[in-house]
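Structure first, commentary second.
Computed from the coordinates by the stated procedures, all read-outs in this text should not be read as laboratory data. As the structure is a computational prediction, the values presented were derived from the model and not from experiment. Cβ placement follows ideal geometry from the backbone for every residue including glycine, while neighbour counts extend to all protein chains displayed.
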Amino acid sequence: MTFHATTILSVRHRDQVAIGGDGQVTLDKTIIKSDACKIRTLSGGNVIAGFAGGAADAFALMERFEAKLKDYPGNLPRAATELAKDWRSDRALRRLEALLIAVDTAHSLLVSGTGDVIQAADGVLGIGSGGNYAIAAARALQRSSDLPAVDIVRSSLEIAGELDIYSGGNVVVEQLPNRAK
């Protein structure tokens, strides 16, 4: 059986950054949980991260990421790059099937096990089975509305949940003020 779980979306819009995720976890074609929390506040509330992938793999990745944030306090890009380097080179980490989005007041980063650390030019990042649906909805809302980032994330995740059978459930959204100009 295959675990499918989640959509994570981050949006930077109008001096704010928000990140959110759905709460649905499925086993094959069955919803087994609708209230999983896949968003974590880290680094004393200065970083918010969301994960998609196998639960055990995602939690292992988050622990490693939190350690990197402690090694490089206040430097999200460096912590993410060091995590990506370890993830790519460590035999045990290479087997992890998960993705991570992390945000602080100045950066929104997607980190993958292939060594990628990506910052989107438009401030919109999405991962998971409904990620592309959520990205499309967020970009449309970002361009055509005056909604704050937190509302764009919530609405986009709800739209993704209407289209992707592996996304849905309770939506959790967190935000940080964007102090970088």
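Once you charge only the Cβ atoms, +1 for Lys and Arg and -1 for Asp and Glu, what is the size of the charge dipole of the range 3-172 about its Cα centre, to the nearest 20 debye? Mind dumping the intermediate values first?
On the way: 18 positive and 20 negative charges, 70 e Å.
Charge dipole, the range 3-172, about its Cα centre: 340 debye, nearest 20.
GluC sites (Glu not before Pro) within the range 32-111: which are DSSP loop residues with at most 13 other Cβ atoms inside 10 Å? Numbers along the way, then the final one.
Values: sites: Glu63, Glu66, Glu82, Glu97; in loops: Glu97.
For GluC sites (Glu not before Pro) across the range 32-111 that sit outside H, G, I, E and B with at most 13 neighbouring Cβ atoms in 10 Å, the list reads Glu97.
Does the chain classify as rounded, prolate or oblate by the C-alpha gyration tensor (a ≥ b ≥ c root eigenvalues; a/c under 1.5 gives rounded; else a/b over b/c gives prolate, otherwise oblate)?
Working: a/c = 1.82, a/b = 1.05, b/c = 1.73.
Oblate.
Taking the simple approach of a point 7 Å from Cα along Cα-to-Cβ for both Gln16 and Ala67, what is their distance in nm?
Spacing of the two 7 Å Cα→Cβ label points: 3.6 nm.
Please identify every one of the trypsin sites (Lys or Arg not before Pro) in the range 79-115 that sits in a loop by DSSP and has no more than 12 other beta carbons within 10 Å of its own beta carbon.
Answer in residue order: Arg95.
According to a simple spin-label model (label point 7 Å from Cα along Cα-to-Cβ), what is the distance in nm between Gln119 and Asn132?
2.7
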